[in-house]
Amino acid sequence: MTAQAFIHDHFLLESDEAQRLFHEYAKDQPIIDYHCHLPPDQIAANHRFANLTQAWLYGDHYKWRAMRSNGVNERLCTGEATDREKFDAWAATVPKCLRNPLYHWTHLELRRPFGIDDVLLSPATADCVWERANAQLASPEFSTQGILAQMKVEVVCTTDDPCDSLEHHLAHARSPGATRMLPTWRPDKAMALEDPRTWNAWVDRLGELTKAEISTWDQFLAALDQRHQFFHDVGCRLSDRGLERCYAAPFTAAQVAHIFQNARAGKAPDADELEQVKSALMLEFGRMDHARGWTMQLHLGAMRNNNARLFRALGPDTGFDSIGDYEQGRPLSRFLDALDTTDQLPRTILYNLNPRDNELMATMIGNFQDGSIPGKMQFGSGWWFLDQWDGMSKQIEALSNLGLLSRFVGMLTDSRSFLSYTRHEYFRRLLCNILGNDMRRGAVPRDFDLVGGMVSDISYRNAKQYFGF
């Protein structure tokens with residue numbers, strides 16, 4: 001079978017209704033990518049990729065995991081092999097990825113933006129795909145900004161440390177392309193007191209940036225708030241935390257001040273002290289987000305860096321993470337309630353990595369909707385290991401049954417690759433397929449203005465209104 005027969009206009013759209021919803025209400029909507037890990041320097045510099053491996057395989061731990069599972073040596077994943085050798089290793093792996101979302105993503109990404117839809121990637125077609133894609137990557141339309149423009153990306157929100165200079169965001173703002181680039185505040189390193197040496201170096205850097213001495217808890221918070229304002233001035237309107245679970249332990253101001261001073265002196269907090277200081281920081285960050293009208297994102301449930309040997313060799317974000325089984329409900333409820341009690345709960349998006357928590361998250365957001373903003377509390381799209389047909393379907397079903405799907409702000413890439421924007425297409429096809437099948441069986445009205453309007457809202461308009469960039 002050729003890719004022309006596999007990836008086609010009606011791919012994964014099982015009914016005439018689904019096809020009409022996708023092609024008339026979803027397909028041509030712009031993209032607001034409100035959470036990703038694209039490198040800001042490559043956007044600002046309008047970077048050109050030398051070949052398909054650099055655009056497609058660098059930094060992609062999804063593909064590396066599959067390659068390792070297929071028996072590919074590490075030198076062909078993250079090692080010193082040539083770009084062509086790495087591409088050939090991936091081409092040999094793709095046929096073994098049937099029923100893994102990578103098989104769909106790979107061929108969607110070849111179809112858009114490259115227009116390669118007449119072959120399936122394999123060792124037999126590797127030369128053809130390599131040559132055709134590389135020829136296009138040499139053209140201006142396939143620079144980083146060119147790819148974003150081709151995919152109709154209006155806004156891209158990167159993920160940035162509070163100590164980042166944001167120089168690339170500022171440079172891009174001075175000579176904007178079709179896509180706006182905005183930072184996202186990710187203060188996870190501020191909470192990493194379990195490693196005092198690394199944390200103290202980070203706090204020292206924070207002090208240099210803010211031109212302030214940081215020897216007390218209050219000075220620490222003041223410096224963080226100064227950076228929060230700086231991010232705001234550059235256009236940031238979202239924050240993010242990547243956590244195993246929420247922190248919501250009781251604490252006093254005196255306790256966290258003491259823990260902070262000990263940590264600045266190089267003493268690692270014990271387990272209870274870590275809970276206290278992280279809980280205090282979580283609340284402070286939430287209050288900052290509320291004060292400046294931001295949206296707070298909480299990514300919960302990743303068990304990271306499980307392979308100690310390869311973590312030492314390769315570092316984080318290289319494909320050795322998994323779904324965690326942490327308690328989520330009670331600490332998350334206490335945290336959200338503490339902010340809500342003082343009317344300082346910002347717009348919030350909750351993402352779970354363990355599928356068992358779908359209904360928990362879908363009901364948790366309902367506890368803190370206050371009527372001030374439509375969909376103020378959001379249950380985020382299927383994330384990471386759930387960023388596939390089954391995981392996204394279950395997220396949509398949980399939100400539909402227990403909340404308002406119509407107010408959902410939709411899909412994001414959460415990716416380091418400029419070629420990953422077909423994930424929005426994948427999501428839109430899934431959404432239209434679910435609603436089209438509902439139409440066919442009479443579960444929703446056969447009213448295309450009504451249902452199609454909701455498709456357009458979820459694909460684009462809800463995010464545009466919700467974030468207010």
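The values are calculated or read from the model by the stated rules, or taken from the named source; none is laboratory data. For clarity, every value in this text was computed on a predicted model and none was experimentally measured. Reconstructed Cβ throughout: ideal geometry from the backbone, glycine too, with neighbour counts over all protein chains shown.
For the structure I just gave you, tell me whether R48 is over 22 Å from the mean Cα position of the chain (by Cα), farther than 22 Å from K96 by Cα and crowded, with 16+ Cβ neighbours inside 10 Å. In short, yes. Residues that are closer than 26 Å to K394 by Cβ and within 17 Å of the chain's Cα centre (by Cα) within the stretch 315-346 comprise D317, G319, D321, S322, I323, listed in sequence order.
Of the residues making up the stretch 170-202, those that are over 18 Å from L221 (Cα atoms) and in a helix (DSSP H, G or I) are L170, A171, H172, A173, R174, R197, T198. Residues that are surrounded by 15 or more Cβ atoms within 10 Å (Cβ to Cβ), farther than 27 Å from H61 by Cβ and of a type outside the set (S, T, N, Q) do occur in the stretch 389-400, at least one of them. Take G235 and tell me if it is in contact (Cβ under 8 Å) with a residue 40 or more places away in the chain and in contact with a helix residue (DSSP H, G or I) (Cβ under 6 Å, 6 or more places away or on another chain). Spelling it out, it is not the case that G235 is in contact (Cβ under 8 Å) with a residue 40 or more places away in the chain and in contact with a helix residue (DSSP H, G or I) (Cβ under 6 Å, 6 or more places away or on another chain). In the condition set (1) more than 30 Å from G468 (Cα to Cα); (2) in a strand (DSSP E or B), D240 is compliant with all but (1). Restricting M191, M151 to those that are under 24 Å from Y421 (Cα atoms) and in the same structural domain as Y421 (by TED's automatic domain parsing) reduces the list to M151. Just so you know, in the stretch 116-139 the residues that are part of a helix (DSSP H, G or I) and of a type in the set (A, V, I, L, M, F, W, C) include one that is surrounded by the fewest Cβ atoms within 10 Å (Cβ to Cβ), and it is A135. Restricted to the stretch 320-334, and to residues there that are closer than 9 Å to E244 by Cα and in contact with a strand residue (DSSP E or B) (Cβ under 7 Å, 6 or more places away or on another chain), the residue that is surrounded by the fewest Cβ atoms within 10 Å (Cβ to Cβ) is G324. Would it be correct to say that A338 is closer than 30 Å to T78 by Cα, outside any loop (DSSP other than H, G, I, E, B), of a type in the set (G, A, S) and assigned by TED's automatic domain parsing to the domain that holds M411? So A338 does not fit the description; no.
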